[in-house]
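Below is one structure, written out as structure tokens; the observations come after it.
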Amino acid sequence: MRLRPPPGALLVAMLAASAALSASAAAAPPARAAFAPAAASANAADDDAGGDPAAGAAPEAQDDRVAVEPPPVEPPRVEIATRPPPLHVEYAQYGVALASEINLDPGAACPAAERFTPCILGSGGGLTVRGGYRSPGPWYFGGAYEFTKMDSENLYRLGIFQQLRAEMRYLPDIGYRTAPYFSAGIGGVVYGNEWGVETGGALIFAGVGVELEVSRRAVIGLSCVYRPVLLAGWKDTANYERQTAIAQFVAFEFLLEVRSELGRR
């Protein structure tokens, strides 16, 4: 036989259960509220630190990268056509040259009116020996001896035209191994058969040339000069009277010269 609880006891139990549920529901919100300030403080700390950690780390990394990057290096400036300074060396310069004397006008030595008189003074070729001083600057001063076998139309067996000259050159420094120069000078001449002296005179000349520096101690060159020559009158071996004349020549030389160092300044 099952015993039923009295109706009042059942009602009391239901009311107690309902009160317990209400008490648990009222206690739950304060617990959630207790956690909310902690989360808010954590979010505020994140905001003070820059918000998102990844977003804050990126600017810091960029700042560090900019700070450690070296400044751009400018390439060195290179000057174009820069030449080393001159050596300021003094030289003794000497050598030989192949010479050609082209007679432009023999003057009164071979008068045009006397067509049947052989011209004793024509063109010729020979050898030049020279030596001088080359300064540290653009100047050269020296002397030269030249002998050339001239065309005498068989009046001389061996007509030798000899010159002794004082010379100068001006060689501007243009920074290349090949350099032009200007030359000038004065001198004396003698002329005769087989190294003899039958007449003589004086000369002046001026010209231009070019010099190629093969090495510091050797040069080759080519020159062209205009040379008027004053010759005194004489009687040649064929008994022709030759008048005092101003003969005009154009001379070409192919020269080879070497240098010996004298000192430095």
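The values are calculated or read from the model by the stated rules, or taken from the named source; none is laboratory data. Owing to the predicted nature of the structure, the values given are computational and were not obtained by experimental measurement. For neighbour counting, all protein chains shown are included, and Cβ atoms are generated from backbone atoms with ideal geometry for every residue, glycine included. Ligands, DNA and RNA are excluded from the accessible area calculation, which covers all protein heavy atoms including side chains. Shrake-Rupley method; radii C 1.70, N 1.55, O 1.52, S 1.80 Å.
Quick rundown of the values:
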{"item": "Packing-based order for 235-242, 187-194, 199-206, using average beta carbon neighbours within 10 Å, highest first", "result": "187-194, 199-206, 235-242"}
{"item": "Net length gained if the chain between THR244 and ARG157 were fully extended (0.36 nm per residue, minus Cα distance)", "result": "29.1 nm"}
{"item": "Angstrom value of the Kirkwood radius, inverse mean 1/r, which spans all Cα pairs in region 82-232", "result": "17.0 Å"}
{"item": "Accessible area per residue, Å², region 182-265 with all protein chains present, probe 1.4 Å", "result": "51 Å²"}
